[in-house]
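Notes follow once the structure below has been shown.
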Amino acid sequence: MLVFSACRTASTPEPTVEGHYTYEHAFNYDMEGNHFDVSETGTMDFSVDGTALDSARQVYTVTLPDSSMVTWVYNYISPSVWRLEGDTLFFAGIKEGFRMEVIEGECELELAQKISGMYAGSIDYEYKFHLDTLAADLLQWSFTYRDGHSDTWKFYRVF
């Protein structure tokens, strides 16, 4: 009697993080009496050597304390390093080469520069993301912040 079972074989390798992905992500936060609504569309490239490149178009819509609004569009480029240990993906930007430049928007430039300065100052912090999904076409990670709220990013592999 022969018994066949479904299992992975050499022809169906385990998915790996390495690859080229697209993503869309949105988040919001408050800082110094201002409310920030942020959306980003980008690409993430994970290389075999443990480097990565995060490139995004970020749109910040800020509600100021007087209820007026201002919008900036940034070109966000972050060379990074990564490693996977079990279901934890360690990820940190590399200060050299990091750019976050305003490409649209002119009002309140001091605040716009403060935002990019805040990112530049801490870009090399190593985050510990929980790897929720690693499939042939999807990488999903999540992060829980100190205040208890969590966020999820979905990266879609481009073949």
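The table below gives the values:
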read-out: Scan of the stretch 60-76 for residues that are open to solvent by less than 30 Å² (accessible area, probe 1.4 Å) and not hydroxyl-bearing (S, T, Y), ordered by number; value: V62, L64, V70, W72, V73
read-out: Residue within the stretch 122-135 that is open to solvent by 40 Å² or more (accessible area, probe 1.4 Å), of a type in the set (G, A, S) and either over 22 Å from A26 (Cβ atoms) or touching a residue at least 60 places away in the same chain (Cβ under 8 Å) (or both) present; value: no
read-out: Members of the stretch 81-99 that are touching a Gly at 6+ places or on another chain (Cβ under 9 Å) and open to solvent by less than 60 Å² (accessible area, probe 1.4 Å); value: W82
read-out: Tally, over the stretch 54-96, of residues that are within 19 Å of H130 (Cα to Cα) and in a strand (DSSP E or B); value: 13
read-out: Candidate set: the stretch 100-119, residues that are part of a helix (DSSP H, G or I) and of a type in the set (D, E, K, R); chosen: the one least open to solvent (accessible area, probe 1.4 Å); value: K114
read-out: Top-ranked residue of the stretch 85-106 - restricted to ones that are under 22 Å from W72 (Cα atoms) and without any contact (Cβ under 8 Å) to a residue 24 or more places away in the chain, ranked as nearest to the chain's Cα centre (by Cα); value: G97
read-out: Boolean, G42 is modelled with pLDDT of 95 or more and at positive phi; value: no
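The values are calculated or read from the model by the stated rules, or taken from the named source; none is laboratory data. Predicted, not measured: the structure shown is a model, and the values here were computed from it. Cβ: placed from backbone, ideal geometry, glycine included. Neighbour counts: every protein chain shown. What goes into the accessible areas is simple: the full protein's heavy atoms, side chains included, and nothing from ligands, DNA or RNA. Shrake-Rupley method; radii C 1.70, N 1.55, O 1.52, S 1.80 Å.
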